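Note sheet for the following structure.
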Amino acid sequence: YATAKVKPLYANEELLGIQILRVDNASFWETVGFKTDDFILEVNGELMNTPAASVSFMNAMNTSPELIIRVRGRNDEERVLVFNQSDHEDE
């Protein structure tokens, strides 16, 4: 997480998802396709609407061979980011 600034976003004590506040250039986050102000809605089919889901996302970043991430960007456009670990093993 050192190359990005992220925070859980709550409304009325309900977790809405994970907000990306900053993405550093040439970081893992940028490689995956995250942009500053993205909002992570779902990772590998799991909605990011509970604290346990956000922990699961952190673990998946280190252990999952593939991440499929649904995000909402600045203009409310939704997109799907796919990161396959095997495509980046030589980097």
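The values are calculated or read from the model by the stated rules, or taken from the named source; none is laboratory data. Treat the numbers as computed from the prediction; the structure is a model and nothing was measured. In this analysis, Cβ positions are derived from the backbone assuming ideal geometry, glycine residues included, and neighbour counts consider all displayed protein chains. Only protein heavy atoms, including side chains, enter the accessible area calculation; ligands, DNA and RNA are left aside. Shrake-Rupley method; radii C 1.70, N 1.55, O 1.52, S 1.80 Å.
For the stretch 22-33, enumerate the residues that are open to solvent by 30 Å² or more (accessible area, probe 1.4 Å) and under 11 Å from the mean Cα position of the chain (by Cα). Give the derivation first.
Here is the first cut: in the stretch 22-33, the residues open to solvent by 30 Å² or more (accessible area, probe 1.4 Å) are 22, 24-26, 28, 30-31.
Correct list: 28, 30.
Would you point out the residue of the stretch 19-33, among those that are among the aliphatic types (A, V, I, L, M) and not in a strand (DSSP E or B), that is nearest to residue 84 (Cα to Cα)? If we take residues in the stretch 19-33 being among the aliphatic types (A, V, I, L, M) and not in a strand (DSSP E or B), then 32 is nearest to residue 84 (Cα to Cα). Summed over the stretch 60-91, residues that are modelled with pLDDT under 85 and either more than 14 Å from the chain's Cα centre (by Cα) or among the polar types (S, T, N, Q) (or both) total 8. How about the stretch 4-18: which of its residues are more than 17 Å from residue 46 (Cβ to Cβ), in a strand (DSSP E or B) and not basic (Lys, Arg)? If the condition is that a residue be more than 17 Å from residue 46 (Cβ to Cβ), in a strand (DSSP E or B) and not basic (Lys, Arg), then 4, 10, 11 are the ones that fit.
Quick grid of which residues meet (1) within 23 Å of residue 14 (Cα to Cα); (2) in contact (Cβ under 8 Å) with a residue 12 or more places away in the chain:
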{"site": "37", "(1), (2)": "yes, yes"}
{"site": "42", "(1), (2)": "yes, yes"}
{"site": "45", "(1), (2)": "yes, yes"}
{"site": "56", "(1), (2)": "yes, yes"}
{"site": "62", "(1), (2)": "no, no"}
{"site": "67", "(1), (2)": "no, yes"}
{"site": "74", "(1), (2)": "yes, yes"}
{"site": "77", "(1), (2)": "yes, no"}
{"site": "84", "(1), (2)": "no, yes"}
